[in-house]
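Shown next, in structure tokens, is the structure this report addresses.
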Amino acid sequence: MKTDKLNSKLISEINLNNSDNWSDQVFITMDIDWAPDFVIEDTLSFFENIKLTLFVTHKSKILNSLVNNNNFELGIHPNFNFLLNGDFRYGDTIEKVIEYYLEFVPNSKSVRSHSLANNSHMLDIFTKKNIVYDCNIFIPYYSTIKLNPWLHWDKKLIRVPYFWEDDVQFMYDPNWLSKPEDIINSNIFRVFNFHPIHIFLNTENIDRYIAAKPYLNNKEKLKEFINKSKYGTKDFLVDLIR
């Protein structure tokens, strides 16, 4: 399944009543992970007329500008890690943490938690807050398990597994031997996940990210860490979408 330009779909377009709606389709998602606007802007430049679902971690003028663009949809990417450690900066209950993120993505229909934190109580609250799609299950393509979305037991929430993520790829396959076409052909339900910082840096291994991390908000300094010599995350994205 390789065309001149990828025909991707939004997570909110998944309809369980019609398998043609999701089977043999590609969905691209992105965990923003507190990337600064200059990194987000650089990342979005690759997505002209390509649909993308973004999971938002913070207020951003760039992301706000996408609200009325039909090629993009904004979900929430709540960080429950602080709450689990007794730090209540985002709220002192699961529900309050979710409400904190819904303040800047008020019409969110999808969620993926930071660190994939989820449990049955969280799922109940997602439904209570009118979220329809939960994207917290990662089953890597190399498991060879055939994937599909399914309806949660509450008969309201749709569980959406994903099978590829940039940082998992460069840790599992540091030589980037698996190319987009091979991965696409490995399953009939294909949800990819990227991070803006890894696209910006063209990250090929975890060492590059660790070295660059102290300078995430320093545009000129961060540019010094861009990978220009080896196949990395940005190269993979370009091969995937074009």
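The selection criterion, being crowded, with 19+ Cβ neighbours inside 10 Å, in contact (Cβ under 8 Å) with a residue 24 or more places away in the chain and of a type outside the set (Ser, Thr, Tyr), does not hold for Ile139.
Taking residues in the stretch 111-135 that are surrounded by fewer than 21 Cβ atoms within 10 Å (Cβ to Cβ), and partners anywhere that are polar (S, T, N, Q) and at pLDDT below 95, the pairs with Cβ atoms closer than 9 Å and at least 6 places apart or on different chains are Asn130/Asn107. Pairs linking a residue in the stretch 87-104 that is within 11 Å of Ile125 (Cα to Cα) and in contact (Cβ under 8 Å) with a residue 40 or more places away in the chain to a residue that is assigned to a helix (DSSP H, G or I) and of a type outside the set (Val, Ile, Thr), with Cβ atoms under 9 Å and 6 or more positions apart or on different chains, do not occur. Within the stretch 153-187, the set of residues being more than 21 Å from Lys5 (Cβ to Cβ) and of a type in the set (A, V, I, L, M, F, W, C) comprises Trp153, Leu157, Ile158, Val160, Phe163, Val168, Phe170, Met171, Trp176, Leu177.
Here are Leu157, Leu177, Leu151: which of them is in contact with a strand residue (DSSP E or B) (Cβ under 8 Å, 6 or more places away or on another chain) and loosely packed, with under 14 Cβ neighbours inside 10 Å? Exactly one of Leu157, Leu177, Leu151 is in contact with a strand residue (DSSP E or B) (Cβ under 8 Å, 6 or more places away or on another chain) and loosely packed, with under 14 Cβ neighbours inside 10 Å, namely Leu151. Checked against (1) in contact (Cβ under 8 Å) with a residue 40 or more places away in the chain; (2) within 20 Å of Ser143 (Cα to Cα); (3) surrounded by 14 or more Cβ atoms within 10 Å (Cβ to Cβ), Tyr231 passes all but condition (2). Counting only residues that are surrounded by fewer than 17 Cβ atoms within 10 Å (Cβ to Cβ) and either in a helix (DSSP H, G or I) or among the β-branched types (Val, Ile, Thr) (or both), the stretch 22-40 holds 2 of them.
Per-residue answers, yes or no, for (1) of a type in the set (Asp, Glu); (2) within 22 Å of Ser23 (Cβ to Cβ); (3) touching a Leu at 6+ places or on another chain (Cβ under 8 Å); (4) at pLDDT 95 or above:
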site: Val132; (1), (2), (3), (4): no, yes, yes, yes
site: Ile137; (1), (2), (3), (4): no, yes, yes, yes
site: Ser143; (1), (2), (3), (4): no, yes, no, yes
site: Lys146; (1), (2), (3), (4): no, yes, no, yes
site: Pro149; (1), (2), (3), (4): no, yes, yes, yes
site: Trp153; (1), (2), (3), (4): no, no, no, yes
site: Ile158; (1), (2), (3), (4): no, yes, yes, yes
site: Trp164; (1), (2), (3), (4): no, yes, no, yes
site: Gln169; (1), (2), (3), (4): no, no, no, yes
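Taking the conditions (1) part of a loop (DSSP other than H, G, I, E, B); (2) farther than 27 Å from Leu201 by Cα in turn, Leu66 satisfies each one other than (2).
The values are calculated or read from the model by the stated rules, or taken from the named source; none is laboratory data. Here the structure is a predicted model, which means the values were calculated and not measured. Cβ: placed from backbone, ideal geometry, glycine included. Neighbour counts: every protein chain shown.
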